[in-house]
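Asker: Below is one structure. I have some questions about it.
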Amino acid sequence: QVQLEESGGGLVQPGGSLRLSCTASGSIFSINSMGWSRQAPGRQRELVASMHSAGKAFYVDFAKGRFTISRDNARNTVYLQMNSLKPEDTAVYLCYYKPASGGVYWGQGTQVTVSS
């Protein structure tokens, strides 16, 4: 089993920044992808960014240029630095861990609210 613990959400003004963290614990497979999705009220969950344990990152279009994903493999931790936040970025941000051995694990999510 794998557990994911997220932190770093909160309330921020438009144009502000937040850094999300997610640490995986339990039976960690060294080859994996970790990343972030988000879900706003009334909308489907959407991918934000992901990073493979080998270091390759992927961003969806709305995240490019504003968000940066990074990870510390020794700590099984993935980060999401979010800059130039907009009200439409308001959502619950969920961390996921996807091992090469199969399956996907989700965190409980952390609320990000962008409002003046």
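The values are calculated or read from the model by the stated rules, or taken from the named source; none is laboratory data. Note that the structure is a prediction, hence the values are computed from the model and not measured. FYI the Cβ positions are ideal-geometry reconstructions off the backbone, even for glycines, and counts take in every protein chain you see. Heads up: the accessible areas ignore ligands, DNA and RNA and are worked out on the full protein's heavy atoms, side chains in. Shrake-Rupley method; radii C 1.70, N 1.55, O 1.52, S 1.80 Å.
Asker: On the basis of being within 15 Å of the chain's Cα centre (by Cα) and open to solvent by less than 10 Å² (accessible area, probe 1.4 Å), does Val104 make the cut?
Answerer: In short, no.
Asker: Just give me the residues in the stretch 28-46 being open to solvent by less than 60 Å² (accessible area, probe 1.4 Å), at pLDDT 95 or above and not basic (Lys, Arg), in sequence order.
Answerer: Within the stretch 28-46, Ser33, Met34, Gly35, Trp36, Ser37, Ala40, Glu46 qualify.
Asker: Residue by residue through the stretch 9-27, note down the ones that are touching a residue at least 60 places away in the same chain (Cβ under 8 Å), out of contact with any Phe, Trp or Tyr (no Cβ under 8 Å at 6 or more places or on another chain) and surrounded by 14 or more Cβ atoms within 10 Å (Cβ to Cβ).
Answerer: Val12, Gly16, Leu18
Asker: Also: Across the stretch 60-95, which residue is farthest from Gly16 (Cα to Cα) among those that are open to solvent by less than 50 Å² (accessible area, probe 1.4 Å) and either of a type in the set (Ser, Thr, Tyr) or out of contact with any strand residue (DSSP E or B) (no Cβ under 9 Å at 6 or more places or on another chain) (or both)?
Answerer: Step by step, filter the stretch 60-95, then rank; the result is Thr77.
Asker: Return the pairs, sorted by first residue and then second, in which the second residue is of a type in the set (Ser, Thr, Tyr) and open to solvent by less than 40 Å² (accessible area, probe 1.4 Å), the first residue lies in the stretch 51-67 and is without any contact (Cβ under 8 Å) to a residue 40 or more places away in the chain, the beta carbons are less than 7 Å apart, and the residues are 6+ apart or on different chains.
Answerer: Met51/Ser33; His52/Ser33; Phe58/Ser50
Asker: Name, by its number, the condition in (1) touching a Phe, Trp or Tyr at 6+ places or on another chain (Cβ under 9 Å); (2) farther than 23 Å from Gly26 by Cβ that does not hold for Arg43.
Answerer: Only one criterion is unmet by Arg43, namely (1).
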